[in-house]
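Below: the structure, in structure tokens.
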């Protein structure tokens, strides 16, 4: 079925763009198309896709928008992984290093819930080191990993214990070890949840309480590490804290980043959540963006989503670890990039279903979300976001970037029943197009995901192998995107 859809797509593009391959005239192309469609119906009548849906796409190339940072893509890890698996964020983990280099440069964020439970020892790890501790050995190992990957570290300090002296000691060692591989410090993980959910504080814990503690940490850390950079407030859900934080810290030149978290839905224990839950429009993401953009409009620091994924609570099997998550992740990255976000860190770790990379039986594997990261990298690299409009926005989206006169369009079809012809209208003559597809056997496939016709190799290397190339010589063209798939289109 997948092969038949691929052949059908190519025939539609040939016919529309006036291209006749292999010295074949249009009569025989139409005959071949009929044969393929009949075979699709015969083999899998329940999977027959309707191909008469068109999404018209236009983009405004006269007004290039925000530069998409080279470090846009990132991963977020629990600080506890440094103790839990000493071989993971390790300079000898060649496969993980290669996986990061495929999509990098990026940003590593160390934090999560465990960062507010872990104790800094200030000594080397040994047989007497108590559990839930972080040591100089762990920091040095993280430093070596960051340096070999080229990914700087956004490092979270324990705010729950409210001990600025310990935080300053830890920050000093982190800076000494990481050096230029240190991106910035965070103080606390999701402090807006300290009162109502994680119970690190009393139920009445407010933003002003947090700000007082945060400033105490910042002052102590700056004495230990003069010129240290900071990010905040790293909220879970209360977007008011973002604008309040930036309003209060507007004159602090060392606050380099606003940050917060975004999970599409949850908790994972909710039986009503399935893969449909992550494929629609996100009101939650829209609310987060509104708060971030309100702050940046006042010339405040840029914003980054420092912890993100699809279903909070560790992810949900059949949702977080299947191809639906790749389409969700690709669209979310582009929505953030189009709105001026500096980047996104997908939360990753041991036993988390939504992890872009995961150990399975001791073998590190690229999961569906990782393929979304590849597609974003190939569709955005060194580019500027271009305002793009689409008239079928319920389940389809289109995003455009411009790099040195070359346009890349990312076309996403989250409709699971309809194939869409994306009619790309540029207004200027198009000399060539190249199409690389993000596909899987089905929306619920946990394996056999490909981008550009290729899978990630066992050693972590990746190279797209199947690109469709056309020379339309027209001002518009059509790319058919099958139901539940995406395509990256390069236009010259």
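Every read-out reported here was derived from the displayed coordinates using simple, explicitly stated rules and does not represent laboratory data. In this text, all values refer to a predicted model and were calculated from it rather than measured experimentally. Please note: Cβ atoms are built from the backbone with ideal geometry, for glycine as well, and neighbour counts cover all protein chains shown.
Results, tabulated for the structure shown:
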item	result
Förster radius 41 Å - calculated FRET efficiency between residue 162 and residue 455, Cβ distance, rounded to 0.05	0.30
Least to most buried among 394, 338 (fewest other Cβ within 10 Å first)	394, 338
Neighbour-count ranking [beta-carbon atoms within 10 angstrom, fewest first] of 207, 77	207, 77
Average Cα contact separation per residue, segment 69-381, under 8 Å, 6 or more apart, as relative contact order %	17 percent
Peptides ranked, highest mean first, by Cβ atoms within 10 Å: ranges 144-157, 263-276	144-157, 263-276
For 135, 348, 123, order by how many other beta-carbon atoms lie within 10 Å, fewest first	123, 135, 348
Highest to lowest packing among 246-254, 401-409, scored as the average C-beta count within 10 Å	401-409, 246-254
Kirkwood Rh and Cα Rg combined as Rg over Rh, evaluated for segment 396-492	0.99
Principal-axis tilt of helix 136-149 within the chain, Cα atoms, nearest 10 degrees	30 degrees
Packing rank of 482-490, 168-176, where each peptide gets the mean count of other beta carbons within 10 Å, highest leading	482-490, 168-176
All Cα pairs of the chain, percent lying beyond 31 Å	45 percent
Principal-axis tilt of helix 368-380 within the chain, Cα atoms, nearest 10 degrees	80 degrees
Using a Förster distance of 51 Å, the FRET efficiency for residue 253-residue 54 (Cβ separation, nearest 0.05)	0.50
Length released on extending from residue 176 to residue 448, taking residue separation times 0.36 nm less the Cα-Cα span	93.6 nm
For segment 41-180, alpha-carbon Rg relative to the globular expectation (2.2 N^0.38 Å, N residues)	1.53
Beta bridge orientation in segment 220-365: antiparallel %, DSSP, nearest 5	20 percent
Angle between the chain longest axis and helix 94-103 axis [Cα atoms, degrees, rounded to 10]	60 degrees
Relative contact order [Cα under 8 Å, 6+ residues apart], segment 174-281, whole percent	26 percent
Rounded to whole Å, sorted largest first: equivalent-ellipsoid semi-axes of segment 257-356, Cα gyration tensor	25, 13, 11
Residues residue 475 and residue 208, FRET efficiency given R0 of 41 Å [Cβ-Cβ distance, rounded to 0.05]	0.10
